[in-house]
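Enquirer: Please see the structure below; I have some questions.
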Amino acid sequence: MVLPLFEGVDKAPNNSLSGLSRSQRSLVKDALSSGSFDGKKGKRMTLWTPGCNIVLVGMGEKDSLGHKRARNTGARLIASMSKK
């Protein structure tokens, strides 16, 4: 699962964690509240969980997001995942 997040966000958007187990939701919430992930452009954090891996992807500042940045961020993520 890929979860794009903006800089300065300390919790996941509503309904973005639906479909995850309670323990998986807890891991995401802990990562965000601990400050381990800041949402800065290009930052990534992978949470390894039973059943699926959750990749937090930093999108930078919300006001500066456009189609080009979203497309490029997604392309870089997929390229890096295909190398593994």
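The values are calculated or read from the model by the stated rules, or taken from the named source; none is laboratory data. All figures in this text were calculated on a predicted structure; none of them were measured in a lab. Backbone-built Cβ (ideal geometry, glycine too); neighbour counts: all protein chains shown.
Enquirer: Just to be sure I understand, how many residues within the stretch 21-54 are basic (Lys, Arg) and either modelled with pLDDT under 85 or closer than 14 Å to GLU7 by Cβ (or both)? Full working, then the answer.
Expert: We begin by selecting, within the stretch 21-54, every residue basic (Lys, Arg); these are 22, 25, 29, 40-41, 43-44.
Filter once more, so that each one left must be either modelled with pLDDT under 85 or closer than 14 Å to GLU7 by Cβ (or both): 40-41, 43-44.
Count: 4.
Enquirer: Show the residue pairs that are 6+ apart or on different chains and have beta-carbon atoms under 8 Å apart, the first residue being within the stretch 8-20 and free of Cβ contacts under 8 Å to residues at least 60 places away in the same chain and hydroxyl-bearing (Ser, Thr, Tyr), the second being surrounded by 15 or more Cβ atoms within 10 Å (Cβ to Cβ) and not in a loop (DSSP other than H, G, I, E, B).
Expert: Pairs found: SER16/LEU3.
Enquirer: When you check LEU56 against the structure, is it under 13 Å from the mean Cα position of the chain (by Cα), in contact (Cβ under 8 Å) with a residue 24 or more places away in the chain and surrounded by 11 or more Cβ atoms within 10 Å (Cβ to Cβ), yes or no? Talk me through it step by step, then tell me what you get.
Expert: Working: under 13 Å from the mean Cα position of the chain (by Cα): yes; in contact (Cβ under 8 Å) with a residue 24 or more places away in the chain: yes; surrounded by 11 or more Cβ atoms within 10 Å (Cβ to Cβ): yes.
Yes; evaluated as a whole, the condition is true for this residue.
Enquirer: Of all residues being touching a residue at least 24 places away in the same chain (Cβ under 8 Å) and in a helix (DSSP H, G or I) in the stretch 59-69, which is farthest from ARG22 (Cα to Cα)? Just the residue, please.
Expert: Just the residues of the stretch 59-69 that are touching a residue at least 24 places away in the same chain (Cβ under 8 Å), to begin with: 59-62, 65, 69.
Among the residues that remain, those that are also in a helix (DSSP H, G or I) are: 62, 69.
Working: LYS62: 28, ARG69: 32 Å.
Result: ARG69.
Enquirer: Restricted to the stretch 59-77, and to residues that are within 15 Å of GLU7 (Cα to Cα) and of a type in the set (A, V, I, L, M, F, W, C), which residue is nearest to the chain's Cα centre (by Cα)? Steps first, please.
Expert: Step one: of the stretch 59-77, the residues within 15 Å of GLU7 (Cα to Cα) are 59-66, 69-70, 73.
Still in the list and also of a type in the set (A, V, I, L, M, F, W, C): 59, 65, 70.
Working: MET59: 8, LEU65: 15, ALA70: 13 Å.
Checked the stretch 59-77; the qualifying residue nearest to the chain's Cα centre (by Cα) is MET59.
Enquirer: Considering the stretch 14-47 alone, what residues qualify as being in a loop (DSSP other than H, G, I, E, B) and either surrounded by 13 or more Cβ atoms within 10 Å (Cβ to Cβ) or under 11 Å from the mean Cα position of the chain (by Cα) (or both)? Please lay out each step first, then the result.
Expert: Taking the stretch 14-47 first, the residues in a loop (DSSP other than H, G, I, E, B) are 14-21, 35-43.
Selection gives SER16, LEU17, LEU20, SER21, PHE37, ASP38, GLY39, LYS40, LYS41, GLY42, LYS43.
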